[in-house]
Each structure stands twice: as C-alpha cells, then as structure tokens.
Amino acid sequence: HLYDTAKDFYDMAERYYKDAKHFQDKNDFVRAFGALYYAHAWLDAGARIGLFDVGHDNKLFTVD
C-alpha cells in the first residue's frame with residue numbers, strides 16, 4: 001500500500017514536470033513555472049509524510 005501511494009505521488013510529480021516542459025516549449029513561462037512548482041509540491045509532500053527518503057535535506061524539502 002505504501003509503495004502504491006509513493007508511486008502515485010511520484011506519478012503526479014512527473015505529470016506536472018511534463019506539463020512544465022510542454023508550457024516551456026510554448027514559451028508560456030508563467031504556466032511552466034506554476035506546473036514546476038506543483039511537481040515539486042508533490043515530491044515535497046511525499047517527503048514530508050515519509051514516502052520518499054530525502055535524508056535531512058531541509059533546503060529542498062520541508063522535512064524538519
């Protein structure tokens with residue numbers, strides 16, 4: 001169950017990252033930036049609840 005949840009979080013992050021690339025290719029940098037932030041938010045949330053081991057990297061993730 002935990003593996004499936006982590007996979008879902010990662011999948012969402014990957015989809016938003018692909019959206020960011022799509023918008024960047026269309027020179028729509030505002031939407032690209034927004035999508036990139038959503039991608040990171042999924043990874044950050046996963047790290048925060050313990051789905052992803054990011055060590056104690058509190059510069060990129062809100063783990064502390």
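Summary table below
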item: Hits in segment 9-40 (condition: of a type in the set (A, V, I, L, M, F, W, C) and either over 20 Å from K59 (Cβ atoms) or surrounded by 15 or more Cβ atoms within 10 Å (Cβ to Cβ) (or both)); result: F9, M12, A13, A20, F23, F29, V30, A32, A35, L36, A39
item: Residue in segment 29-49 that is part of a loop (DSSP other than H, G, I, E, B) and at negative phi present; result: yes
item: Meets criteria (outside any helix (DSSP H, G or I) and open to solvent by 100 Å² or more (accessible area, probe 1.4 Å)) for D57; result: no
item: Test result for L51, in contact with a Ser or Thr (Cβ under 7 Å, 6 or more places away or on another chain) and open to solvent by less than 60 Å² (accessible area, probe 1.4 Å); result: yes
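The values are calculated or read from the model by the stated rules, or taken from the named source; none is laboratory data. All figures in this text were calculated on a predicted structure; none of them were measured in a lab. Methodologically, a virtual Cβ is constructed for each residue, glycine included, from the backbone with ideal geometry; neighbour enumeration extends over all protein chains shown. Side chains are part of the model used for accessible areas, which takes the heavy atoms of the whole protein and leaves out ligands, DNA and RNA. Shrake-Rupley method; radii C 1.70, N 1.55, O 1.52, S 1.80 Å.
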